[in-house]
């Protein structure tokens, strides 16, 4: 297992290297804005544009720029400085990472609880009223755009612009370290909004898997041996049916740790997603690189976590 | 919405797509309709905390030498610093701030002498140090240095003797900026410069004092870091900056800016009332949510969006009218017709385009009459030269006569252009537009309207910044039509409207704001000559006449004079600053 993990970690490095190279190429290949010109004011002196281009290193060939960037990253864990505000990219990303992590992990807890519970009950009580209502609701949840759902939740439940003033609204986020109580209440709406479509999808996925598993021979055997139905479902049914859920959850959490742009925007949560969006708008290459690499890192890391978790969930899986 | 809106140039309110604008009816002139049109009451109650929800990124930089855009002025420049000249909310000419009076002009307009006030102190850690003329000299010199990256010094200060022609690697002494004693600043010019003699271009952030003994060490690198360590002269300072470094509690890029009172500020030396005790600025809000929060909440003011989103605008101008204030922004919107590319190298095709465009319908794409007045020429209302160019009615050209467009007139010009059927018979015309709302809708409306004279646009919609820096402001991109353009004043002098846009000398390979590539030697000479005139009335006449004649050439089809709609919570008296494009003035606004 250790050798497997080490091998996968080495692949993480290779993947991140490739991602950084691709991001660099895309930035220069596609018609993105000229960062030097953006920084030179509205009626720029051509010499000023060139001076800024030189200062940012944009007058060097792309491969030189990439080499310099990677050198700083590999040798000093230095992501460079934002073109936009000349503040360290690493500092800005790490400042915002707790907000994104709070949002993503909290939402994951919500959607796993709801998705697994609803999926399980729907599978067991197949074709019941609960099943029909839950799966109908799940379709709505999957279909509703998160941006629309966010606005709707604010107009309904935010304590500033909502009709029923229950939860803190947009811009109310405070870090956990500053005020745990406010942190929690400020994230209730974003958690549920972000979790809605995931919960719906997971419920449907688990329901389908569980229905299939529950018709397997070994389930029948377990029942024939006199095991209680609860034990049959929880120990034998769900354990087998949940494997795809673990895969999906790992990937989804990894993606969201790289930034949940729409939810962060609607609720004005100063996270990595919003930072990525702004950096793309401003052609801020170092910041784009930093946020893309962060997102890629979390995705491949969560993939690894999922693969390792398989070994514990599914006895058939063994790594050597 | 700069303010995607993130980049709202002070003057180029329009240049950045996030800016929209306010009220005013068609042909209603520079006035405004709806809301409180004037800052009738600028006296307020002292105290309290105000919160601003920005939807765009935030201020562009902490460095006063870089500030140029509307949000920079509104949220940090005016509240935290003092310039040689400042602007009360309704001022249309510069008001002495650090200066004791307007520049004393001598030597045929080539020497300007400015006496400055004594006793103005810096914030901690330089609280024992007062502002000297040498500090303003250094501040102006650093604006020519590449590590600062100032965007206008070469436009307005290049006629100062000894000024470099291109950015210097480091801050260098400029012989024409002299500080013979602590309270006297002298500018020696190569030629008379109207915008300096009137003080207009000295009411810009390059004249915010920067003490060399403190700042020089921060200016040494490739990128100045003075902004993060700056000292303040205004009524407010960034929270926690007294330690000499601005902490995260005071400023986080695109996230938070907190201003608190500056203990070194002496109210008796300043015209600003500075009512609020604290100003908190949050960035990154959703525009619609932010607007609703302001209107429903307490102690909040609209942020960097020049108008609220359409979903909120109607509500604001009907049921919440008392919470809105409206003023002309001093900016306009136009379509740029590239005179070096077919078919717009033909003046009659350009005139046909002006005639066929339904400016009323174009205004509708931004929100209807609320967002501004239909334009008939380039200089917007409230600016010197506006009346001389024909006022609201305009110069009287037939191709600008009908705000709803006139296909018959348009076709008559197409015939003059050599298209007997009145329809363009060439191929598709390359056009690049902003892909964000509402500029996107405007461009698409224009695309439809032009079909009436056979012009089919090959319309490319790209991000705002890309539109400018890769296409419309790059001559070699050969874009024929840029529908989503705009421009605004730097101050109340029409040089900042006419010279950059119409003078052929400003055509450059990148960052070219003369997007039509207008380059008529006779006009170039008239425009350049006007810059040397120091009499304000004469300048207004010259620029007004230029506007009239240039409108006839149709380098640009100006279709809207923008307004700015600001608004606040019920317990807030919002005061707009006309110099700053009608953005809320945080040092004159107050709680009720």
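The values are calculated or read from the model by the stated rules, or taken from the named source; none is laboratory data. Only a predicted model underlies this, so the values are computations on that prediction, with no experimental measurement involved. Cβ coordinates were reconstructed from backbone atoms using ideal geometry, including for glycine residues, and neighbour counts include every protein chain displayed.
Among the numbered criteria (1) within 14 Å of chain B (Cβ to nearest Cβ); (2) part of a helix (DSSP H, G or I); (3) farther than 24 Å from residue A:205 by Cβ; (4) modelled with pLDDT of 90 or more, which one does residue A:277 miss?
With respect to (1) within 14 Å of chain B (Cβ to nearest Cβ); (2) part of a helix (DSSP H, G or I); (3) farther than 24 Å from residue A:205 by Cβ; (4) modelled with pLDDT of 90 or more, residue A:277 is out only on (4).
Would you mind stating whether residue A:286 is more than 28 Å from residue A:186 (Cα to Cα), part of a helix (DSSP H, G or I) and touching a strand residue (DSSP E or B) at 6+ places or on another chain (Cβ under 9 Å)?
yes
Within the stretch B:482-489, does at least one residue satisfy the condition of being within 11 Å of another protein chain (Cβ to nearest Cβ) and within 20 Å of residue B:531 (Cα to Cα)?
For the stretch B:482-489, residues within 11 Å of another protein chain (Cβ to nearest Cβ) and within 20 Å of residue B:531 (Cα to Cα): present.
Quick check on the stretch A:216-230. Is at least one of its residues closer than 30 Å to residue B:281 by Cα and modelled with pLDDT of 90 or more?
no
Can we say residue A:202 is under 25 Å from the mean Cα position of the chain (by Cα) and either assigned to a helix (DSSP H, G or I) or buried (at least 19 other Cβ atoms within 10 Å of the Cβ) (or both)?
Yes.
Could you say which residue among A:297, A:267 is surrounded by fewer than 23 Cβ atoms within 10 Å (Cβ to Cβ) and touching a helix residue (DSSP H, G or I) at 6+ places or on another chain (Cβ under 7 Å)?
After applying the criteria, what remains is A:297.
Residue under question is residue A:47, and the condition is that it be buried (at least 18 other Cβ atoms within 10 Å of the Cβ) and farther than 30 Å from residue A:305 by Cα; does it hold?
On the way: buried (at least 18 other Cβ atoms within 10 Å of the Cβ): no; farther than 30 Å from residue A:305 by Cα: yes.
No: the conditions fail for residue A:47.
Looking only at residues in the stretch B:497-520 that are under 14 Å from residue B:154 (Cβ atoms) and part of a helix (DSSP H, G or I), which one is nearest to the other protein chains (Cβ to nearest Cβ)?
B:500
Looking only at the stretch A:59-73, decide whether some residue is surrounded by fewer than 20 Cβ atoms within 10 Å (Cβ to Cβ), within 14 Å of chain B (Cβ to nearest Cβ) and touching a helix residue (DSSP H, G or I) at 6+ places or on another chain (Cβ under 6 Å).
yes
Results for (1) assigned to a strand (DSSP E or B); (2) more than 11 Å from chain B (Cβ to nearest Cβ); (3) within 30 Å of residue B:55 (Cα to Cα); (4) at pLDDT 95 or above, shown as yes or no for each residue.
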site: A:118; (1), (2), (3), (4): no, yes, no, yes
site: A:126; (1), (2), (3), (4): no, yes, no, no
site: A:139; (1), (2), (3), (4): no, yes, no, no
site: A:142; (1), (2), (3), (4): no, yes, yes, no
site: A:147; (1), (2), (3), (4): no, no, yes, no
site: A:154; (1), (2), (3), (4): no, no, yes, yes
site: A:161; (1), (2), (3), (4): no, no, yes, no
site: A:170; (1), (2), (3), (4): no, no, yes, no
site: A:177; (1), (2), (3), (4): no, yes, yes, no
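I need the full set of residues from the stretch B:122-145 which are surrounded by fewer than 20 Cβ atoms within 10 Å (Cβ to Cβ) and part of a strand (DSSP E or B), in order please.
The one that is surrounded by fewer than 20 Cβ atoms within 10 Å (Cβ to Cβ) and part of a strand (DSSP E or B): B:130.
Go through (1) under 18 Å from the mean Cα position of the chain (by Cα); (2) surrounded by fewer than 23 Cβ atoms within 10 Å (Cβ to Cβ); (3) more than 10 Å from every other protein chain (Cβ to nearest Cβ) and name the single condition residue A:262 misses.
Result: residue A:262 passes all but (3).
Would you mind listing the helices (runs of 4 or more DSSP H) fully within the stretch B:169-282 where at least 3 residues are within 14 Å of chain A (Cβ to nearest Cβ) and closer than 17 Å to residue B:65 by Cβ?
Working: elements: B:194-197, B:212-215, B:226-229.
Once the helices (runs of 4 or more DSSP H) in the stretch B:169-282 are filtered for at least 3 residues that are within 14 Å of chain A (Cβ to nearest Cβ) and closer than 17 Å to residue B:65 by Cβ, what remains is B:226-229.
Could you tell me which of the residues B:335, B:352 is modelled with pLDDT of 95 or more, farther than 25 Å from residue B:582 by Cα and not in a loop (DSSP other than H, G, I, E, B)?
B:352
Taking residue A:35 and the conditions (1) surrounded by fewer than 22 Cβ atoms within 10 Å (Cβ to Cβ); (2) within 14 Å of chain B (Cβ to nearest Cβ); (3) modelled with pLDDT of 85 or more, which numbered condition does it fall short on, given that it satisfies the others?
(1)
Among the residues of the stretch B:284-293, write down those that are over 18 Å from residue A:270 (Cβ atoms) and at the interface with chain A (Cβ under 8 Å from one of its Cβ atoms).
Initial filter on the stretch B:284-293 (over 18 Å from residue A:270 (Cβ atoms)): B:288, B:291-292.
Passing the criteria: B:288, B:292.
Can you tell which of B:118, B:106 is under 26 Å from residue B:384 (Cα atoms), away from every other protein chain (no Cβ under 14 Å) and touching a strand residue (DSSP E or B) at 6+ places or on another chain (Cβ under 8 Å)?
After applying the criteria, what remains is B:106.
Give the residue, chosen from B:77, B:149, that is within 14 Å of chain A (Cβ to nearest Cβ) and buried (at least 24 other Cβ atoms within 10 Å of the Cβ). I'd like the intermediate steps shown before the answer.
On the way: B:77 fails: within 14 Å of chain A (Cβ to nearest Cβ).
Answer to the selection: B:149.
Which of (1) within 14 Å of chain B (Cβ to nearest Cβ); (2) crowded, with 19+ Cβ neighbours inside 10 Å; (3) in contact with a strand residue (DSSP E or B) (Cβ under 8 Å, 6 or more places away or on another chain) does residue A:79 not meet, given it meets every other one?
(1)
Checking the condition within 18 Å of the chain's Cα centre (by Cα) and surrounded by fewer than 21 Cβ atoms within 10 Å (Cβ to Cβ), which residue from A:152, A:97, A:139 passes? Spell out how you get there, then give the answer.
On the way: A:152 fails: within 18 Å of the chain's Cα centre (by Cα); A:139 fails: within 18 Å of the chain's Cα centre (by Cα).
Just a single option satisfies the conditions, and that option is A:97.
Any idea which of (1) surrounded by fewer than 24 Cβ atoms within 10 Å (Cβ to Cβ); (2) within 13 Å of chain A (Cβ to nearest Cβ); (3) touching a helix residue (DSSP H, G or I) at 6+ places or on another chain (Cβ under 9 Å) is the one residue B:296 doesn't satisfy?
All conditions pass for residue B:296, except number (3).
Take the conditions at pLDDT 95 or above, within 30 Å of residue B:542 (Cβ to Cβ) and part of a loop (DSSP other than H, G, I, E, B) and apply them to residue B:163. Does it pass?
It is true that residue B:163 is at pLDDT 95 or above, within 30 Å of residue B:542 (Cβ to Cβ) and part of a loop (DSSP other than H, G, I, E, B).
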